[in-house]
Protein chains: 2
Amino acid sequence: MTFEVEQKFPVPDHSVLLAKLSALGAIRSEPIEQIDTYYAHPTRDFAKTDEALRIRRAGGDNFLTYKGPKLDVETKTRREIEISLAPGESAAASFGVLLEALGFSPVATVRKIRTLLTAAWRGQSVEVALDDVDGLGTFVELELTADEAEVDAARDAILSLASELGLGGSDHSAERRSYLELLLERATAPEIP
Amino acid sequence: MTFEVEQKFPVPDHSVLLAKLSALGAIRSEPIEQIDTYYAHPTRDFAKTDEALRIRRAGGDNFLTYKGPKLDVETKTRREIEISLAPGESAAASFGVLLEALGFSPVATVRKIRTLLTAAWRGQSVEVALDDVDGLGTFVELELTADEAEVDAARDAILSLASELGLGGSDHSAERRSYLELLLERATAPEIP
C-alpha cells in the first residue's frame, strides 16, 4: 500500500520560494494546467469519511485518484491510489459518465496551474508543487510517496524541508484542508457585507 | 449514448459455425484469453438492477466496463460504457484495489478463450465471438454496437444473421443470461446426486 505524505501552505507569491529552491538545486518543470473533478460517493459522505475520488485532466493525460482518510494531524499523510486512464478529453468524459451510471455525482472542479520542482532533501526526492488555484490563490505543497515502513522518515523529511524553506512559522501555518474543501467552504460561506 | 445489441447461443462446438462464417467471408482473428472480474456495487444489487461492472484483462490490455439493464426481451440490447485502463497486470490489480476502497467487492471471475470474427451482413459489420468458457462450455455471441437511432436496425441484422447461421431454432434457443449469471447459478444450484 502506498501513502502520500504531504504538507501545504498558503503563500503570498512564489518568487521567494523559487529562489530558495533554486539555491537547493531543485529541478523545475514547465507549468501545467490540472483540472480535477471531484465525485461524491452514492452513499458514503466523503466530507465525513475524509476520502476523495477525482478525475484529473493534465495536458491531455487522465488519471483516476482515490485518497483515503488522513492518518496524522500534522501532515496530510493518507493512502492514495492513482490509475492512468486512456488519454484525451473524450476518455475523461466517458469515465465521468461511467461514474455517474454507478451513482457517483460530480461535486466541484478545481483548476490550477502547477509548477513542479524536485528537490533532493535528506536522501529523498521531494516533490514541490507551486500552485496557482482558480478562486483560492497561491500555495506550495511538499509531497513524498512512501510505503508503509517509510512513512515516518518521509514525514520527517517533509517537516524539515518546510522549515528550511521558512514555511510553518507562526504566521505561516500549514493548511490541512484540500483545495476542494477550501472551494466548497468558500461557496457556502455567508457573504460579508 | 452507445448500446450493445447482442444475442448468445450455447453450441455443441464451433466447427460448423466456423465453416458457415468462412463461407460468408468473415474475417477471423487469433484466439485471445479474456479474464473478467465482476464487482458488486456497495449498495445496489446488480443482480436485481440487471447491471454489471467488470475489469477485463485481455492479452496485457485492461478495460473497465459498465453494462446497463437489458432493454428488450429478444436480444440483449443494453447500454455499455467501456474505458481503457493502463496496460499490464499491476494496473488491473491497482484498479481492483481502488474499486474495493470505494466499497465495491469482487463477485466472480469469468475466464474464456474468445475467437473473434467480423462478418459483413446487411451493410453492417457484425462481431461474432466463438467463446470457450471455463466451467460453462462453448457459445457463440453476435454483437453490434449502435447509437440510439440505429438500435432497431442493429437488432434486425443480428436476428437475421442468427437465422442464417442456423441459430435460434427450437432446439437452439438464445441464452439471455450472462456468463456471470450462468456461473453463479451453477455455483448455487443444488447438487444432483
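Among the numbered criteria (1) within 14 Å of chain A (Cβ to nearest Cβ); (2) in contact with a Gly (Cβ under 8 Å, 6 or more places away or on another chain), which one does B:Thr65 miss?
Failed condition: (2).
Of the residues B:Ala91, B:Ala58, which single one is facing chain A (nearest Cβ under 10 Å) and farther than 17 Å from A:Glu100 by Cβ?
The match here is B:Ala91.
Does the range A:138-148 hold any residues that are of a type outside the set (Val, Ile, Thr) and either modelled with pLDDT of 90 or more or not in a helix (DSSP H, G or I) (or both), and which are they?
A:Phe139, A:Glu141, A:Leu142, A:Glu143, A:Leu144, A:Ala146, A:Asp147 - these are the residues of the range A:138-148 that are of a type outside the set (Val, Ile, Thr) and either modelled with pLDDT of 90 or more or not in a helix (DSSP H, G or I) (or both).
Report whether or not A:Phe3 is more than 30 Å from B:Asp45 (Cβ to Cβ), in contact with an Asp or Glu (Cβ under 8 Å, 6 or more places away or on another chain) and within 11 Å of chain B (Cβ to nearest Cβ).
no
With A:Gly168, A:Gly123 as the choices, which residue is within 21 Å of A:Pro10 (Cα to Cα) and more than 17 Å from the chain's Cα centre (by Cα)?
Criteria check complete, one pass: A:Gly168.
Any residue at all in the range A:114-128 that's within 25 Å of A:Tyr39 (Cβ to Cβ) and of a type in the set (Lys, Arg)?
Among the residues of the range A:114-128, at least one is within 25 Å of A:Tyr39 (Cβ to Cβ) and of a type in the set (Lys, Arg), which makes the answer yes.
Hey, could you check the range A:13-34 for residues that are aliphatic (A, V, I, L, M) and in a loop (DSSP other than H, G, I, E, B) and say which is nearest to A:Ser90 (Cα to Cα)?
Result: A:Ala26.
In the range B:1-52, which residues are aliphatic (A, V, I, L, M), out of contact with any helix residue (DSSP H, G or I) (no Cβ under 7 Å at 6 or more places or on another chain) and touching a residue at least 24 places away in the same chain (Cβ under 8 Å)?
Within the range B:1-52, B:Val16, B:Leu17, B:Leu18, B:Leu21, B:Leu24, B:Ala26, B:Ile27, B:Ile32, B:Ile35, B:Ala47 qualify.
Is one or more of the residues making up the range A:161-180 basic (Lys, Arg), modelled with pLDDT of 90 or more and either at negative phi or surrounded by fewer than 18 Cβ atoms within 10 Å (Cβ to Cβ) (or both)?
So far as the range A:161-180 goes, no, none of its residues is basic (Lys, Arg), modelled with pLDDT of 90 or more and either at negative phi or surrounded by fewer than 18 Cβ atoms within 10 Å (Cβ to Cβ) (or both).
Checking the structure you have, find out if any residue of the range B:101-119 is assigned to a helix (DSSP H, G or I) and either within 9 Å of another protein chain (Cβ to nearest Cβ) or open to solvent by 10 Å² or more (accessible area, probe 1.4 Å) (or both).
Yes; the residues of the range B:101-119 include at least one that is assigned to a helix (DSSP H, G or I) and either within 9 Å of another protein chain (Cβ to nearest Cβ) or open to solvent by 10 Å² or more (accessible area, probe 1.4 Å) (or both).
So how many residues does the range B:128-144 have that are open to solvent by 60 Å² or more (accessible area, probe 1.4 Å) and touching a Ser or Thr at 6+ places or on another chain (Cβ under 6 Å)?
1
The values are calculated or read from the model by the stated rules, or taken from the named source; none is laboratory data. Values in this document were obtained by computation on a predicted structure and should not be read as measured data. As a convention, Cβ positions derive from the backbone with ideal geometry for all residues, glycine included, and neighbour counts pool all protein chains shown. The area values use the complete protein model at the heavy-atom level, side chains included, leaving out ligands, DNA and RNA. Shrake-Rupley method; radii C 1.70, N 1.55, O 1.52, S 1.80 Å.
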